[in-house]
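Shown next, in structure tokens, is the structure this report addresses.
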Amino acid sequence: MTKQFVKFAAMIIIAFSFTSCGYNGMVGLEEGVVGQWANVEDAYQRRADLIPNLVSTVKGASQMEKDILESVTNARSRATGVTIDPTNITPDALKKFQAAQDGLSSALSRLMMVSERYPDLKSMAGFKDLQSQLEGTENRISVERKRFNDAVRAYNTKIRVFPSVITASIFGFDKKGYFESDPGTEKVPTVDFSNSEK
């Protein structure tokens, strides 16, 4: 009877320590990060899925520089080739993912700037529709990235506070990476009206 009581008491203590040290909460927050990562991937995949139609429309409607179209296609290939295990979102893995996606964003930006030179292309309903869908997708990506960062912040905070930090250390809850803003976006642009006409 004494051994059973000791076992029962030990189980109660262990269960209480997991609950009070936030093990279950950490699991919940980590699952939140994983779930939000799926939303981020979905938004980026939507953008990747729009690109072949965009490239095809542009190619068919103009004699646009071939290297621009190739750079978009290659950047899309690189961006879709970089994947992250959602259970192991390390800062380094996220940087590689972000770099590949930034390369695609840059290539798309060049494509849109060059398309301005082709009035026939800009007036095509198919191009306008794709451009509008792409803009909406970029907004969706921005929203999902922010939500992901919020989920990561809650998780990272939980695993660093006492007494949760002890449980996190024992069970291997590691810090997750954040999306970071693009270099230069933190600087406020300088506006100088001193030379403007009156």
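Readers should treat all values here as calculations from the given coordinates under stated rules, not as data from a laboratory. This is a predicted model, so every value here is computed, not measured. Positions of Cβ are backbone-derived with ideal geometry, glycine not excepted, and every protein chain shown enters the neighbour counts.
Please list, short to long, the whole-number percent of alpha-carbon pairs of segment 17-171 in consecutive 10 angstrom bins beginning at zero. The distribution over segment 17-171 is 10, 33, 25, 16, 10, 5, 1, given as percents. When peptides 169-180, 26-37 are ranked by their average number of other Cβ atoms within 10 Å per residue, the highest-first order is 26-37, 169-180. Between D85 and S132, the C-beta separation translates, for a Förster distance of 35 Å, into a calculated FRET efficiency of about 0.55.
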